[in-house]
Amino acid sequence: MRKRVVVAALALVAAMVGSVAVAGSALADSHGDLTVRNAATGKCLQPKDGSYADGVPIVQVTCNGNAVQRWDFVDYDDHRFVVWNAATLKCMDAAGLNKNGTPIIQWPCGGSLTNLMFQASRDLPGYVSLKSRVSNTSTHCIDVPGGLATEGAEMRLWACNDTASQTFGAFHP
């Protein structure tokens with residue numbers, strides 16, 4: 001039994017190290033431990049129900065300082081970032097094509113960066129729009145559906161339109 005526990009613990013550590021590997025040497029250029037709050041709703045982004053599972057939606061909820069509401073922006077130059085959750089060590093991911101309605105989910109960091117890459121409209125910290133860089137495009141931004149303050153609303157991509165529903169404050173809590 002003890003062997004299984006040790007093997008499971010080593011597998012977990014290996015998975016965590018692999019998750020952080022996406023940052024590589026770019027960690028020195030990261031902006032860490034930021035909350036991401038929508039300018040229109042005042043709500044913070046986090047994985048649904050604070051889940052650590054792969055594929056769960058990124059949602060807006062009332063800001064409460066919880067660790068799952070903290071994000072690290074790993075800088076890949078020219079305001080391009082991989083955004084990973086400080087608690088779950090998983091990344092924001094545009095789960096599909098760069099088109100209206102594509103969900104933003106939590107996914108393991110690593111592998112292809114195209115769905116994990118977002119471009120901020122300016123330096124961090126500050127208020128920014130986050131353009132998806134899927135397939136090297138930049139036409140769609142993370143968006144609060146309808147700009148409504150609905151608790152638990154799932155984030156999605158929508159054609160960039162410079163509205164408050166696509167503007168997020170990325171600040172230290």
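If you go through the stretch 88-111 one residue at a time, do you hit one that is among the polar types (S, T, N, Q), surrounded by 19 or more Cβ atoms within 10 Å (Cβ to Cβ) and within 16 Å of F168 (Cα to Cα)? There is no residue in the stretch 88-111 that is among the polar types (S, T, N, Q), surrounded by 19 or more Cβ atoms within 10 Å (Cβ to Cβ) and within 16 Å of F168 (Cα to Cα). The listed residues are T102, T150, T114, and the only one of them that is in contact with a His (Cβ under 9 Å, 6 or more places away or on another chain) and β-branched (V, I, T) turns out to be T102. Filtering the stretch 144-170 to residues that are part of a loop (DSSP other than H, G, I, E, B) and without any contact (Cβ under 8 Å) to a residue 60 or more places away in the chain leaves C160, N161, D162. Once the stretch 51-103 is narrowed to residues that are within 13 Å of the chain's Cα centre (by Cα) and small (G, A, S), the residue that is nearest to T114 (Cα to Cα) is A94.
Please specify each residue of the stretch 130-145 satisfying the condition of being at pLDDT 95 or above and surrounded by fewer than 22 Cβ atoms within 10 Å (Cβ to Cβ). T139, P145 - these are the residues of the stretch 130-145 that are at pLDDT 95 or above and surrounded by fewer than 22 Cβ atoms within 10 Å (Cβ to Cβ). Checked across the stretch 107-114, the condition of being without any contact (Cβ under 8 Å) to a residue 12 or more places away in the chain, part of a loop (DSSP other than H, G, I, E, B) and hydroxyl-bearing (S, T, Y) holds for at least one residue.
Matching residues to (1) over 21 Å from F168 (Cβ atoms); (2) modelled with pLDDT under 95; (3) in a helix (DSSP H, G or I):
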residue: K3; (1), (2), (3): yes, yes, yes
residue: V7; (1), (2), (3): yes, yes, yes
residue: A14; (1), (2), (3): yes, yes, yes
residue: S25; (1), (2), (3): yes, yes, yes
residue: V36; (1), (2), (3): no, no, no
residue: G42; (1), (2), (3): no, no, no
residue: L45; (1), (2), (3): no, no, no
residue: I58; (1), (2), (3): no, no, no
residue: G65; (1), (2), (3): no, yes, no
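The values are calculated or read from the model by the stated rules, or taken from the named source; none is laboratory data. Source: prediction; values computed, not measured. Every residue, glycine as well, gets a Cβ built from its backbone with ideal geometry; the counts of neighbours run over all protein chains shown.
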